[in-house]
1. Could you list, in sequence order, all residues of the range 197-227 that are hydrophobic (A, V, I, L, M, F, W, C), in contact with a Pro (Cβ under 9 Å, 6 or more places away or on another chain) and within 15 Å of Phe154 (Cα to Cα)?
2. Looking at Pro12, Pro51, Pro76, can you tell me which residue is away from the ligand (no atom under 16 Å from the Cβ) and farther than 25 Å from Val126 by Cβ?
3. May I ask you to list pairs of residues, at least six apart or on different chains, whose Cβ atoms are under 9 Å apart, with the first in the range 143-170 being closer than 18 Å to Leu46 by Cα and the second being at pLDDT below 95 and more than 13 Å from the ligand (Cβ to nearest atom)?
4. Would you call Asp128 closer than 27 Å to Ser177 by Cβ and part of a loop (DSSP other than H, G, I, E, B)?
5. From the list Gln202, Gln216, which residue is loosely packed, with under 12 Cβ neighbours inside 10 Å and part of a helix (DSSP H, G or I)?
6. If I ask for residues that are in contact with a strand residue (DSSP E or B) (Cβ under 7 Å, 6 or more places away or on another chain), more than 13 Å from the ligand (Cβ to nearest atom) and under 13 Å from Met25 (Cα atoms), which ones from the range 118-174 would you list?
7. Could you check the range 175-199 and list, in sequence order, the residues that are assigned to a loop (DSSP other than H, G, I, E, B) and within 16 Å of the ligand (Cβ to nearest atom)?
8. Applying the selection to the range 12-64, what residues are farther than 18 Å from Pro211 by Cβ, of a type in the set (S, T, N, Q) and within 16 Å of the chain's Cα centre (by Cα)?
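The values are calculated or read from the model by the stated rules, or taken from the named source; none is laboratory data. Bear in mind the structure is a predicted one, so any value in this text is a computation, not a measurement. Heads up, the Cβs are rebuilt from the backbone with ideal geometry, glycines too, and the neighbour counts pull from every protein chain shown.
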Amino acid sequence: MITVDAVPYPYPFDRRHTALMVIDMQRDFIEEGGFGSMLGNDVRPLARIVPTVAQLLALARAQRMWVVHTRESHLPDLSDCPPAKRRRGNPALAIGDAGPMGRILVRGAPGNQILPLLAPLDGELVIDKPGKGAFHATDLHAQLQARGITHLLFAGVTTEVCVQTSMREANDRGYESLIVEDACASYFPAFHLATLAMLTAQGGIVGWKAPLALLQAAFKETAGESA
Ligand code: TIU
């Protein structure tokens, strides 16, 4: 067992039953000139976490934890996109329209790809999800169950939208989740902080939080004990 010195109290997990969930690290949300920046968002807080997510991925791979990547995406015919989602915000450019990096949030479009630095490796799961949550209208729960996964580590963007929704969905399905706080980001730094606080308040009502350094330290300590 590995124990992280997390908030609100220590988080124990067995790496064989733990998956790293990397949520929506796709070009359109993070790169300058993508859909996110075109909407007027400051993408710099998102771009800033890329090296941390890369380190977290390296740790998970070195520790042989299963890695799951998600993309927020829709079928080319948009049959999996509720009209309400497409209308929301009354946008000049909607989901499915031609954006700066191809059709917006459509599978296969250049902007829908995961950043090359964080690209999935063979054997890792990639979930294309039409919702904000990773469990909605996907086979994620069945895939995790088939692997005996009970614990989830969350990273990605944005903290208060797709990461939080996915962590709440996981909580209701019985998973024990920890959000890696410096491997997540929001276009709104205040929302990032508020989300971390609300997920872990009330004795960890949704789960735990810890920075990457404390996760790395937990693995080092365990390695030291068994040496
Ligand atoms: N991945 C994700 O969070 N999708 C969003 O649309 N997030 C926003 O913050 N807009």
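1. Trp208
2. On the way: Pro51 fails: farther than 25 Å from Val126 by Cβ; Pro76 fails: farther than 25 Å from Val126 by Cβ.
On inspection, the qualifying residue turns out to be Pro12.
3. none
4. On the way: closer than 27 Å to Ser177 by Cβ: yes; part of a loop (DSSP other than H, G, I, E, B): no.
Here the answer is no, as Asp128 does not meet what is asked.
5. Numbers: Gln216 fails: loosely packed, with under 12 Cβ neighbours inside 10 Å.
Every option except Gln202 fails the conditions.
6. Selection gives Leu118, Pro120, Val126.
7. If we filter the range 175-199 for residues that are assigned to a loop (DSSP other than H, G, I, E, B), which is where we start, we get 175, 186-188.
Hits for the range 175-199 are Ser186, Tyr187, Phe188.
8. Gln26, the sole residue that qualifies.
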